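Input: a single structure, listed below in structure tokens.
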Amino acid sequence: MLLLDNISIPILFAIGLTVAMTLVAIWTWFYHDEKHRDLDSWIEYGYSRDTLRHVLIYYRSMGISMLVFYVLFVVSCLLLQAQGLAIFVDGQKQSVAAGPISTAFFALDLVLRGGFFDIME
């Protein structure tokens, strides 16, 4: 408990978010693979209304989870910067403070890379 006394709330939030993202990534890794096999087998039999409904529900849930973690990641970065921690650096390795828009674009870049990787898969 003594260890947690010296840790600030933004750092605890970042650690909690890291654990949550790791658990969701592990769950998604196995569930996503299984769901893709199911979707492939359903589509082999044709594009029925029920098949399309399953596909839309699945990708809607994936999109919502990406959006939630996107917002939480941006908030976490902004809280850490407000505390004075250096998150971003320039080409000369000097600390750079990023505002909400810059941080949001940084996080959007990370999310889109993950999304495009999934599409390309």
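Read the figures in this text as sums done on the coordinates, not as results from a lab. None of these values were measured; they are calculated from a predicted model. Cβ atoms come from the backbone with ideal geometry, glycine included; neighbour counts cover every protein chain shown.
Computed values, structure above
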{"quantity": "Length released on extending from Leu79 to Leu17, taking residue separation times 0.36 nm less the Cα-Cα span", "calculated": "21.1 nm"}
{"quantity": "Estimated FRET transfer efficiency (Val24, Ala86; beta-carbon r; R0 25 Å; 0.05)", "calculated": "0.40"}
{"quantity": "Cα-projected label distance for Ile7 with Val96, points at 7 Å along beta-carbon direction, nm", "calculated": "3.0 nm"}
{"quantity": "Sequence-distant residues sharing a close amide H with Phe88 (under 5 Å, placed H)", "calculated": "Val96"}
{"quantity": "Separation in nanometres of the label points that stand 7 Å from Cα toward Cβ, at Leu56 and His32", "calculated": "2.3 nm"}
{"quantity": "Hz values of 3J(HN,Hα) by residue in region 82-96 - Karplus curve (6.51, -1.76, 1.60), Gly and Pro given as x", "calculated": "5, 7, x, 7, 8, 9, 10, 10, 8, x, 8, 6, 8, 5, 10"}
